């Protein structure tokens, strides 16, 4: 915020009570966040699988550092530009899990590869040829993963022939490009609500990955890395013996969408990320309007929720406009009064985090630190 | 973008062909934009109604300056913090069309009132008392509008008694606070698709405003300003004789949601705002994936659309994930090839603009200027 003139400063200062934080603000409950951070790291250790968390969820160097301190081998990013703040902050091992096309992107990839150990994702020979030619000329070496479609019906090759053709194409740039493995991610499976239906989808995806791996083996092609999985399917993928690393992102926050999944009896992740908002208007009878809206929360996966301990048993969000969130209650006495501050669980953490410049971190109701969302808006 | 090191620079340079602009980018067709700018200004002039465009749609000082050059009397903002970059850029007359509560907000309002002619919005006596006490102490004078609920069921008073009580309360701070009129906005009516159904809703709202105005007159209370309306209902509100000023925002861009309204036979606003995106993955059979997603477009009012001249007769957007937009076609020959750039009309312009730092402005396929989105993310 370049317009800070003593008023538009940070929404809070370290040591402030949460009740003094300006609104709307994105806030993080550090106890729950650390619980999540450690739980996923422990599960990966127990299963002998590398943890490479996806930074697209948090876009924050501070969180990436904590993930690595807890045992992560590196991070994923979804876009080349998103990787920059992490590389510049000294995160050494970055996998950009998404395809890209065009001269400017290739130039960005070459530049980025000089700043960290960079792994890239391809699913078409033309991408490989462009990267190979640029890497050879720039005398850099690029690590490439081939994305395979394991049921997401989005990116990725869909046949053995296409996979083998890509690996061959990568080998033609030997010395400049290196095939390191498969990107096998099924985004849609993460949010299948029923536990057994989600497990079923994972088993089907696993069959596809396994058959690709067998073909590579038959062709004598070494495939050291199989990367994929997410917060929703990690509990299955960690024990499948297929993945050498998993790339969950949302587990540090657990948003509303993931919160509505059915989980197993294992200890589960906790909601740690909230939008703190103030009641700015109320008709005193049936509704109270809070001071955040579509510019403070993404509603692509549903409207924000109010936790039971915040009154969520009787309060529901009925509408979200640009800068308004309408809360209704069947009980007049539960309706929040003007000035009341509440925590709202965002439906989808990734695009919500992208709306803010900072996360205000609190513990036991007191602001402990304020972290930048360094890669906010970096979608190039 | 503080991480610019020669690569993460602006997505384009003046003089670039549109085809060279990095993606995803927010782009503006200047011919259509200027057509929209002048059309609304002309209609307001013809009807003798002031135009006070809503800057929450564009958040851009450059656009506000052009609106004022075309005849606007000032601008609206939706948040106090949003008003700052405009006030600092010399926009003199700003109306913040939304209630707020809390010490920090009141302090921000007082500070802002020293930087421009500021008008604020209230719907509860406690807001008036807080502003009155602060204005008196700071020796500034605040102009207040009382919001009345004309059918939106969101903010605003809902009875004559409440309105009169508020005006009385404002008068108690005579010299520090001044009642200037009514804020009468029905957001929901803007997007009623059918022309006659929308007209019907406006007529109903007009009855409510008229009855409030009569009560004020009966009570001997002067009400110089009645402000409201938007892009969807302006054609009715301009000729109703009720509004002294209108506050449309989206008309400069015409997003997909407004584009799907039924309009009268009058000349209509044109789509001027697009997301420019590159095809980054394609299975070559049924789908092509473009390089933008929920972090580059808001889907609260539907997925982005492809105009007929861009292939939109056979291409449809079937899915939008965080950084992916899946386009499908029933005709294989129409499926965009890898590297193809397309323009997408965002479903809802306001939250989409808020995702970008700049708007790349083009005319006849060439970049003519690049404007900052100065108030991006300013929702405090």
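Any read-out appearing in this document is the output of simple, stated calculations on the displayed coordinates, not a laboratory observation. Owing to the predicted nature of the structure, the values given are computational and were not obtained by experimental measurement. Backbone-built Cβ (ideal geometry, glycine too); neighbour counts: all protein chains shown.
Points worth noting:
- For the stretch A:30-253, Kirkwood radius (reciprocal of mean inverse C-alpha pair distance, Å): 17.6 Å
- Across the copies of the chain, residue B:69 has label points (7 Å from Cα along Cα→Cβ) spaced 5.2 nm apart, shortest distance listed first.
- Angstrom value of the Kirkwood radius, inverse mean 1/r, which spans all Cα pairs in the stretch B:326-367: 13.3 Å
- Ascending distances from the residue B:208 label point to its copies in the other chains, with the point 7 Å along the Cα-to-beta-carbon line: 5.0 nm.
- Here the Gaussian network model covers chain B, with springs between Cα atoms less than 10 Å apart; of B:28, B:307, B:182, B:307 fluctuates the most.
- Share of pairwise Cα-Cα distances greater than 28 Å in the stretch B:1-149 is 36 percent (whole percent).
- Teacher prompt: residue B:92 distances to equivalent labels in other copies, 7 Å Cα→Cβ, nm: 6.1
- Gyration tensor verdict on the stretch B:38-108 (Cα atoms; rounded if a/c is under 1.5, prolate if a/b is larger than b/c, oblate otherwise): prolate
- Distance in nm between pseudo-label sites at residue B:92 and residue A:161 (7 Å out along the Cβ direction from Cα): 7.2 nm
- Here the average projected area of the convex hull drawn through the C-alpha atoms of the stretch B:176-257 stands at 6.3 nm².
- Per residue Cα convex hull volume in Å³ - calculated over the stretch A:293-349: 83 Å³
- Computed over the stretch B:250-380, the ratio Rg/Rh where both radii use C-alpha atoms and Rh is Kirkwood: 0.97
- Space enclosed by the convex hull of the alpha-carbon atoms of the protein assembly as shown, per residue, Å³: 152 Å³
- Chain B: most fluctuating residue of B:154, B:52, B:65 per GNM, C-alpha cutoff 10 Å: B:154
- Legend: mean number of C-beta atoms from other chains within 10 angstrom of residue C-beta atoms, peptide A:96-105, equals 6.
- Net length gained if the chain between residue B:239 and residue B:309 were fully extended (0.36 nm per residue, minus Cα distance): 21.7 nm
- Here residue A:318 and residue B:285 are evaluated by their C-beta separation; at R0 = 45 Å the FRET efficiency comes out at 0.60.
- The Rg/Rh ratio for the stretch A:201-301, using Cα coordinates for both the radius of gyration and the Kirkwood hydrodynamic radius, is 1.20.
- Whole-Å semi-axes of the ellipsoid equivalent to chain A (Cα gyration tensor, √5λ, descending): 40, 23, 17
- Largest GNM mean-square fluctuation among B:97, B:318, B:244, using chain B with Cα springs under 10 Å: B:318.
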